[in-house]
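Asks: Please find one structure pasted underneath; my questions will follow.
Read the figures in this text as sums done on the coordinates, not as results from a lab. If you're wondering where the values come from, they're calculated on a predicted model, not measured in any experiment. Here the Cβ positions follow ideal geometry from the backbone for every residue, glycine too, while neighbour counts run over all protein chains shown.
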Amino acid sequence: MHGRIFTNERLEMMGKKVLNLTTTEYLMANENTHGLTFEEIEYLRKAYFGTHQLSKLAERIGLPKYVLWTATTNGKEKIFGKAFCALVGAIYVDLGSVQTKQFLDKHLFANINVDASVVEYLTDSPKSVFMETLKVNKINPSQIKSIVVNNNSSGSEISNHFTLTPHEVHTVALYIGKNKVGEGSSTKSIAAAETKAIRDALLIRFKDTRYKGSVEQLDYEENQISFL
C-alpha cells in the first residue's frame, strides 16, 4: 500500500517469482528443449511467457473485467500482464503451490506448443541482422538514419487495484535516404524503440519473416550499433 492507495504490487512480485520457477521447470522438462543451453532456455522462457503472452492469457480468461482501469493502447499489455502475475501470486498465497501448479497447467501450459527452433531467431539481434541485410543489398550504412519522432510522457493512472507510474513513450522512425522503412515505439528507451523500428524494416521492407510470429520477440538494446 502506498499511503492510502491499495495496490497489488506484493502479489505481483510473488506471482513473478512463482512464474519464473514454474515456467523454467516446464521448459527444462519439455522434450523439445533437450540439448539447449540454459541461456537458450531462458530466451524461450521470456518469449513464451513474457508480458505479451501473459497479457493475452489474462484477456482469454476474462481477467481485464476485474481490473478497474481503462487501458490505453500503450499501457494495456503491461497492465494485463501485471494483473495475471498478481492473480498467480494470490492463488499461491491463499491456496498453495499445488493449486497454483494446477491453475497454470490448465490455463498456461496446456496452450503452449514449444518450438525450440525459434531460439535461432531470438538470439539473433535485429540490429546485427539488419547490418548484414544492408551488406547483401549493397546499401551503404551511411544512408541509414533514425529520427526520434515522438518522446511523450504518459500520465499516471490510479484505480482501486493498480497505481501506474508515469512513463515515457519513445517512437523512432528509420529511413534509408529519404524513404521511411520502419517505425517502432517503446516505453523502455529510445534504443529499444529503434530496435523495433529495425525489426519493422526487416519484416516490411526486406521481407525477413523471422521477426513475424506468435512468440514475443525480445528487445535488444545494442547501443554499439545505432543510427541515431
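Asks: Based on the inverse mean of 1/r over its pairs of different Cα atoms, what is the Kirkwood hydrodynamic radius of region 9-115, in Å?
Replies: Values: mean 1/r = 0.0701 Å⁻¹.
Hydrodynamic radius (Kirkwood, Cα only) of region 9-115 equals 14.3 Å.
Asks: Ok, one more. Relative to a virtual label point 7 Å from the Cα of Gln143 in the Cα→beta-carbon direction, which members of region 175-205 show backbone nitrogen distances below 20 Å?
Replies: Within reach of a label on Gln143: 175-183, 197-205.
Asks: Tell me, what HN-Hα J-couplings in whole Hz come from the Karplus equation 6.51 cos²θ - 1.76 cosθ + 1.60 at θ = phi - 60° for each residue of region 140-149, using x for Gly and Pro?
Replies: 5, x, 5, 7, 8, 9, 10, 10, 6, 9
Asks: How far is it, in nm, from the label point at Lys17 to the one at Ser189 when both lie 7 Å from their Cα along the line to the Cβ?
Replies: Going by the 7 Å Cα→Cβ label model, 2.8 nm.
Asks: Go through region 107-114 residue by residue and turn each phi into a ³J(HN,Hα) via Karplus (6.51, -1.76, 1.60, θ = phi - 60°); whole Hz please, and just put x for glycine and proline.
Replies: Those phi angles translate into 9, 10, 6, 5, 9, 10, 10, 6 Hz.
Asks: Using label points projected 7 Å from each Cα along Cα→Cβ, tell me how many nm separate Lys78 and Leu95, to one decimal.
Replies: Taking the two extended label points, one gets 3.0 nm.
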